Amino acid sequence: MLGVSSMLKELLLTMRIKQWTKNLIIFFGLIFSLNLSKPSLLLTTVAAFIIFCGLSSAVYITNDLADLEQDRAHPLKRHRPLASGRLSPRTAATTALILILLTLSSAFVLDLWFGLIAAIYLGLMLGYSFVLKHLVLVDVLAIAVGFVLRAAAGAVVIHVPISPWLYVCTVLGALFLGFSKRRHELILLNNAAVNHRPILQEYSPQLLDQIITIVTASTLMAYSLYTFSAENLPKDNSMMLTIPFVLYGAFRYLYLVHIKNAGGSPEEMLLKDKPLLIDVALWLISVIVILYIVR
């Protein structure tokens with residue numbers, strides 16, 4: 001039987017702390033609405049980020065419970081706490097329920113509309129865990145909508161308008177990551193792919209490569225149009241200077257997916273691949289300089 005410290009360690013692993021980086025998109029509303037320098041709104045956004053981290057962890061635990069048998073057939077996921085048997089399903093389910101109750105109640109206390117978006121996000125992700133992930137193309141689209149809801153939550157909680165460009169760039173970027181992940185799973189598992197994730201039988205490397213090509217081009221075009229079309233950006237079009245960082249980031253990610261056979265865990269790639277991490281840091285610094293200093 002696990003000790004308390006060992007159980008907490010396994011729970012934290014199941015909560016996937018590294019994947020909390022996905023929730024950083026909540027800060028986009030604060031940054032691009034030019035409110036980063038306002039302490040009250042910054043604190044509100046930090047609170048929203050923490051709530052979504054807890055909520056997404058509850059979803060990850062639930063997803064692992066739903067995929068328990070399939071994960072045991074996966075060469076990497078079989079080492080997860082639940083799949084390996086190091087963590088009991090009852091403990092995991094209890095933790096997920098507690099997280100859901102705490103985060104949803106906190107979300108509604110923070111802001112009514114933010115709470116509604118958090119509840120919709122939870123419903124969508126639970127629907128993904130049990131139904132939507134078994135529907136071809138819908139599985140990845142559901143993940144993309146989850147990212148859009150995160151971005152929308154970040155804008156709603158500080159009561160700023162949600163830019164259409166935020167929707168477009170977020171959904172395209174999420175589709176890029178999602179289809180790249182499906183490709184990684186298909187290549188990694190080969191003939192055993194269907195045993196781990198049945199929906200993979202509906203995909204092929206050729207189909208995914210074509211979809212990724214379309215999504216990559218659309219993402220780069222959408223971001224480029226945003227840099228000189230959005231109303232709240234500097235009128236001298238200086239935001240266009242950030243386009244090279246987005247180009248390099250997309251190309252670097254494609255290199256890692258196709259040459260290094262990575263892509264199964266976008267958050268780990270971001271944290272472990274130094275060129276990609278530096279590129280994202282430079283992009284963020286350039287955005288802040290252009291929006292808050294140069295203008």
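The values are calculated or read from the model by the stated rules, or taken from the named source; none is laboratory data. Remember, predicted model here, so these are calculated numbers, not experimental data. All Cβ positions, even for glycine, are placed from backbone atoms using ideal geometry, and neighbour counts span all protein chains on display. The area values use the complete protein model at the heavy-atom level, side chains included, leaving out ligands, DNA and RNA. Shrake-Rupley method; radii C 1.70, N 1.55, O 1.52, S 1.80 Å.
Tallying residues that are in a loop (DSSP other than H, G, I, E, B) and closer than 17 Å to Ser180 by Cα within the range 137-163 yields 1. Can you tell me which residue within the range 84-104, out of those that are small (Gly, Ala, Ser) and closer than 20 Å to Leu126 by Cβ, is most open to solvent (accessible area, probe 1.4 Å)? By that ranking, first place goes to Ala93. A count restricted to the range 105-136 and to residues that are open to solvent by 50 Å² or more (accessible area, probe 1.4 Å), in contact (Cβ under 8 Å) with a residue 40 or more places away in the chain and assigned to a loop (DSSP other than H, G, I, E, B) stands at 2. Counting residues in the range 166-186 that are under 20 Å from the mean Cα position of the chain (by Cα), open to solvent by 40 Å² or more (accessible area, probe 1.4 Å), among the hydroxyl-bearing types (Ser, Thr, Tyr) and at pLDDT below 95 gives one or more. Looking only at residues in the range 254-275 that are surrounded by 15 or more Cβ atoms within 10 Å (Cβ to Cβ) and not in a helix (DSSP H, G or I), the one that is nearest to the chain's Cα centre (by Cα) is Ser265. When Gln70 is tested against (1) in a helix (DSSP H, G or I); (2) in contact with a Leu (Cβ under 9 Å, 6 or more places away or on another chain); (3) more than 19 Å from Thr103 (Cα to Cα), exactly one condition is not met: (2). I want to confirm something. Restricting to the range 18-66 and keeping residues that are part of a helix (DSSP H, G or I), without any contact (Cβ under 8 Å) to a residue 12 or more places away in the chain and of a type outside the set (Gly, Ala, Ser), which single residue is farthest from Leu101 (Cα to Cα)? By that ranking, first place goes to Pro39. In the range 197-219, the residues that are farther than 25 Å from Ala73 by Cα form Cβ pairs under 7 Å with partners that are of a type outside the set (A, V, I, L, M, F, W, C), at six or more places apart or across chains, as follows: Ile212/Ser180; Ile212/Arg183; Thr219/Gly173. Scanning the range 242-253 for residues that are open to solvent by less than 40 Å² (accessible area, probe 1.4 Å), of a type outside the set (Val, Ile, Thr) and over 17 Å from Thr21 (Cβ atoms) yields a single hit, Ala250.
Of everything listed in (1) hydrophobic (A, V, I, L, M, F, W, C); (2) modelled with pLDDT under 95; (3) surrounded by fewer than 18 Cβ atoms within 10 Å (Cβ to Cβ), the single unmet condition for Ala193 is (3).
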